[in-house]
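The next block holds one structure in the form of structure tokens; read it before the comments.
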Amino acid sequence: MWAESTASNEDADGNGDATRYSDSTAIPVVAVDGDVVGFGATLVSNDANFRSGNEEFVLNVWDTHLGGSGTVLYDEGHDQYHSLADFSNMANYAEENGYTVQATSTLASDLSSADAAWITGPATAFTSSEKQSLAGFVADGGVLFCHDRADYSNHDETANFNDIASDLSLAFRFNDDQVTDDTNNGGAYYKPTTDQYNTAFEYFTDRPGMEIDPDVTHDVAVIDVNDGDTVDVRFDSGREETIRILGIDTPEKAAYQRYEREEEWEGIESLDYLATWGANASEYASQELSSTRIDLSFDDGEAGIFDAYDRLLGYIHYDASGDGVRNTFYNYEMVRKGYARLYSSSFTNHESFYDAEADAQANARRVWTDSDPADSSEYRNRDADDLFFPQATTVKTTDGAVPDSDVAVVAESSATQSVTGGYDYGSSDLPLVGVDETAGVAVVGGLLIDETYEKEEGFAVDTASYENFVVLTNLIDYLSHRDGQVLVDGGHNQFGDDFALSSEDAAYYQRHLEGFDIAFEQVNELTTANLSRGRVLVVTTPPQSFTSTELDAVQGFVDDGGAVVLMGASNAPDSAVTNLNEIASSLGTHLRLNDDAVTDSTNNVNADSSLPTTTVFDTSYPIFSAYPSVGGAGALSIAEIHEDAAGTDADNLNDEYVVFENTGTGDLDLTGWSVEDAVGHTYEFPSGYTLTPGASVTLHTGSGTDTDSDLYWNYGSSVWNNDSDTCSVYDDTGSLVTEQSYPSSSGSGAIDVQSVHADAAGSDSSNLNDEYVVFENTGSATLDCTGYTVEDAAGHTYAFPDGFSLDAGATVTLHTGSGTDTASDLYWGSGSPIWNNSGDTVYVFDDAGTRVETYSY
């Protein structure tokens with residue numbers, strides 16, 4: 001056998017003892033002299049995967065020289081790199097075909113019981129007597145199979161083989177070289193392939209080998225159960241493989257807890273608990289599968305039938321009832337029964353496994369018995385100081401640069417851009433996050449939640465101090481008008497690629513969301529029903545493009561109030577970037593991922609310029625503060641200002657007061673918050689003071705003992721002017737939260753926001769009239785609202801109808817959707833939600849354009 005004409009050989013170890021073949025000379029890789037066969041490679045080690053017929057060729061060689069049976073001794077007595085265990089599949093295959101294969105460390109003395117000797121790369125030379133024994137063995141009709149290997153490490157195996165060849169007076173010698181082929185290879189230049197056979201030898205007959213056909217179901221024997229998601233099986237060919245059971249993950253047993261991650265298990269924070277259920281899952285697997293025969297099949301949704309650790313990825317069907325029919329789907333049953341969690345890759349049964357897991361969780365089966373995501377503590381939730389961008393790339397638009405108003409985050413000024421075909425920003429800021437609120441889309445130039453950069457995953461430094469998680473979560477809620485899960489697309493072969501993410505690549509972000517009782521789930525089938533579970537769809541540079549049906553479903557999701565976050569990576573191939581930008585185009589946004597890379601030699605993680613960090617935020621986007629607590633957010637409003645105390649104000653200071661109310665849905669910590677009048681008199685709420693949802697507190701001007709319902713300014717004179725004044729409330733960052741002015745006591749109207757109902761029942765987009773703001777005239781006279789306007793934080797504006805007036809004490813509800821205006825109900829006429837569920841601000845301006853009310857929630 002020769003290498004292909006595209007191959008070449010080289011003196012890989014550089015010691016000058018290789019014979020070089022010219023381009024016009026075929027390179028021999030297998031040679032024969034009588035019953036001694038020299039191979040230029042080991043060919044049949046277990047990691048060969050037997051896709052190229054190597055084992056068939058080797059067994060044909062054996063048959064030619066041994067006649068189809070005999071005892072073959074594998075030499076382990078000369079410090080070989082390999083042992084017979086490394087060739088166990090070849091040994092099994094040979095035994096299934098009539099041979100006995102045994103290992104020996106005393107080859108010379110055992111030759112009398114053998115028909116052939118199998119020798120691979122002897123690191124220790126054979127002694128003179130051993131070589132004499134080999135010569136006598138061959139002279140008496142014995143066969144030698146000698147497998148050399150590329151001597152790039154100069155371990156002298158080749159020289160040791162050539163000593164044997166010399167003593168046996170063979171017509172060939174082994175070359176101290178390496179054969180490479182850039183064109184014909186098995187995935188790498190140093191794994192050459194060839195079909196250049198000398199057919200004068202009977203070595204090349206087709207025969208059944210050990211290749212595994214991914215398109216058929218295989219009847220195999222279970223020979224060992226490692227744990228609940230891993231078993232060893234034997235094929236009829238003799239080949240033995242480890243099966244990583246597809247689509248599931250059982251907890252690690254106690255001995256392997258160093259590989260376990262609590263973050264993967266929703267609502268569970270105990271490794272000991274997981275270890276117990278790891279043992280339980282293993283016990284159940286042994287009970288069901290040990291020493292049985294099973295049907296093994298594969299999923300064409302996966303990139304291949306082997307994983308990164310050379311384990312087969314398969315489905316198992318077995319006979320659970322004893323009726324002889326293998327109709328129990330082991331993978332699915334482990335999830336349904338609560339022994340395993342769904343392990344999200346690209347497999348086609350993903351959605352049915354998701355349903356099975358959801359049912360097991362809802363019914364607290366087995367491992368989910370103690371799962372309580374709602375009770376999970378907050379995780380990495382704090383105000384944003386800095387972010388880092390793995391595989392950073394900029395965002396652009398269809399016309400070039402992104403307008404500043406649409407950029408939430410830019411790189412530091414020390415960052416540089418390397419353009420490979422996209423828009424060149426030159427000396428301008430490099431935008432890393434673009435936001436299109438109208439389209440409900442954000443484009444992010446980096447895989448912000450990639451767990452590759454977690455210290456617990458082996459990254460060199462701790463990146464938990466960066467606020468990537470909280471900024472993404474706030475961005476999601478800023479764009480979305482829905483509640484529900486954070487969905488990540490995994491149906492376009494993202495799993496296993498370093499430029500894209502599946503949910504399995506973001507377990508630490510899942511744990512962050514869990515602290516707010518928000519589920520993080522992968523979705524592989526982008527249907528209307530599946531998307532209805534979510535508030536957002538996160539898509540990372542997809543290797544496969546979306547179909548028109550999928551794009552329609554995503555657009556419908558956005559129309560229904562959902563958001564889409566598109567994440568790209570600078571190392572993504574052009575095709576994946578194109579696929580991502582096609583989604584953006586379909587959703588009607590002008591934003592696109594650029595074709596470039598952003599690096600920063602000054603501001604980065606771990607002195608790696610390819611991991612830039614930044615603190616340059618546009619804080620007009622409300623995404624850089626800690627995410628609201630579980631259960632909702634508090635919202636402070638001014639319910640009443642009682643400026644005119646009974647009698648003389650100065651003598652009755654505690655009858656001059658302001659009543660505040662928490663109109664939100666969560667506790668409101670007022671530590672650091674302050675109240676001011678128009679001339680700057682300031683009161684600061686007590687440290688630790690919290691107002692529960694629906695509760696009110698009265699702030700008296702005078703002195704007293706603070707309680708939950710009454711606070712005291714301890715001011716020695718009146719604060720609130722009887723004729724007119726303004727009450728302003730600022731949060732702990734100094735931002736204005738709410739403000740109310742009142743005119744003279746001669747009788748005027750005063751508009752106030754009584755409440756905001758931002759989260760409509762069901763989908764906001766489908767129920768716009770259940771999204772509303774209630775206004776109240778807290779003044780003493782009718783208020784003519786002609787020319788008054790209402791705005792949200794993004795500048796959407798509503799104008800009250802001409803002639804509309806609100807009686808003193810009366811309320812009016814402004815609905816987002818359409819309808820017929822009445823004295824108690826007004827309709828904005830918007831076709832999409834206005835008020836963000838996660839937080840927003842209501843501004844009211846009078847007919848002169850003066851702001852008369854501010855209400856944030």
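Observations on the structure shown:
- The stretch between residue 221 and residue 257, if pulled fully straight at 0.36 nm per residue, gains 10.1 nm over its current Cα-Cα span.
- What a 1.4 Å probe finds exposed on region 815-857 is 45% carbon and sulfur by accessible area, rounded to a whole percent.
- Projected-area mean, region 604-714, by convex hull of Cα positions, square nanometres: 10.6
- When the Cα gyration tensor is reduced to axis lengths a ≥ b ≥ c, the ratio a/c is 1.5 or higher for region 632-786, and with a/b not above b/c it is classed as oblate.
- Taking the convex hull of Cα positions in region 356-431, its mean projected area over all directions (nm²): 9.6
- Computed E for residue 770/residue 642 - FRET, C-beta separation, R0 41 angstrom, nearest 0.05: 0.75
- Here the label points at residue 230 and residue 547, each 7 Å from Cα along the C-beta direction, are separated by 3.6 nm in the simple model.
- Theoretical ellipticity at 222 nm over the chain - DSSP helices of four or more residues, -39500 (n - 2.57) apiece, nearest 500: -5000 deg cm²/dmol
- Portion, in percent, of the accessible area of region 392-533 that falls on carbon or sulfur, probe 1.4 Å: 43
- Region 803-857: C-alpha gyration tensor shape, a/c 1.5 cut-off, then a/b vs b/c: oblate
- Rolling a 1.4 Å probe over the protein heavy atoms gives the chain an accessible area of 40 Å² per residue.
- Cα-only Debye scattering, the chain: base-10 log of I(q)/I(0) at q = 0.08, 0.11 Å⁻¹: -0.86, -1.29
- The portion of the accessible surface of region 577-681 made up by carbon and sulfur, rounded to a whole percent, is 44 (1.4 Å probe; DNA, RNA and ligands excluded).
- Centre separation in Å (Cα based) which lies between region 318-383 and region 41-114: 43
- Spin-label proximity, residue 26 to region 165-205 - amide N less than 13 Å from point 7 Å beyond Cα toward beta carbon: 194-201
- Residues listed by number, region 605-629, amide nitrogen under 20 Å from residue 851 label point at 7 Å toward C-beta: 618-625
- Segment residue 17..residue 619, full-extension length gain: 209.9 nm, with 0.36 nm per residue of separation and the alpha-carbon distance subtracted.
- Where labels lie 7 Å past Cα in the beta-carbon direction, separation of residue 139 and residue 378 in nm: 8.8
- Rounded to the nearest 10 Å², the accessible area of residue 191 at probe 1.4 Å: 100
- Given R0 = 35 Å, the distance between the Cβ atoms of residue 709 and residue 799 translates into a calculated FRET efficiency of 0.35.
- Per-residue ³J(HN,Hα) for region 182-197, Karplus 6.51 cos²θ - 1.76 cosθ + 1.60, θ = phi - 60°, Hz, x for Gly and Pro: 6, 9, 9, 7, x, x, 8, 4, 8, 10, x, 10, 7, 10, 8, 9
- Within the chain, percent of DSSP bridges classed antiparallel, to nearest 5: 70
- Rounded accessible area of residue 739 (nearest 10 Å², 1.4 Å probe): 40
- Placing +1 on each Lys and Arg Cβ and -1 on each Asp and Glu Cβ, with no other charges, gives region 28-84 a dipole about its Cα centre of roughly 180 debye.
- Amide H contacts of residue 71: 100, 115, 116, each under 5 Å away and 5 or more positions distant or on a separate chain (H built 1.01 Å from N in the peptide plane; Pro and chain starts excluded).
- Extension reserve of the residue 724-residue 106 stretch, reckoned as 0.36 nm per residue once the Cα distance is removed: 211.8 nm
- Prolate/oblate/rounded label for region 37-171 (Cα gyration tensor, a/c 1.5): oblate
- Residue 604 long-range amide H proximity, modeled H, under 5 Å: 613
- Modelled label positions at residue 608 and residue 352, each set 7 Å beyond Cα in the direction of Cβ, lie 4.0 nm from each other.
- Proximity of backbone amide H atoms, modeled 1.01 Å from N, is registered between residue 488 and 521, 522, 523, 538 at under 5 Å, excluding neighbours fewer than 5 places apart on the same chain.
- Distance between region 565-614 and region 133-208 - C-alpha centres, whole angstrom: 49
- Rounded accessible area of residue 306 (nearest 10 Å², 1.4 Å probe): 30
- Cut-off 12 Å, label 7 Å out along Cα→Cβ of residue 498, residues of region 386-406 by amide N: 391
- Sites residue 79 and residue 195 - FRET efficiency at Förster radius 25 Å, r taken between beta-carbons, to 0.05: 0.15
The values are calculated or read from the model by the stated rules, or taken from the named source; none is laboratory data. Worth saying up front: this structure is predicted, and the values here are computed from it rather than measured. Reconstructed Cβ throughout: ideal geometry from the backbone, glycine too, with neighbour counts over all protein chains shown. Remember, those area values only see protein heavy atoms, side chains included, never the ligands or the DNA or RNA. Shrake-Rupley method; radii C 1.70, N 1.55, O 1.52, S 1.80 Å.
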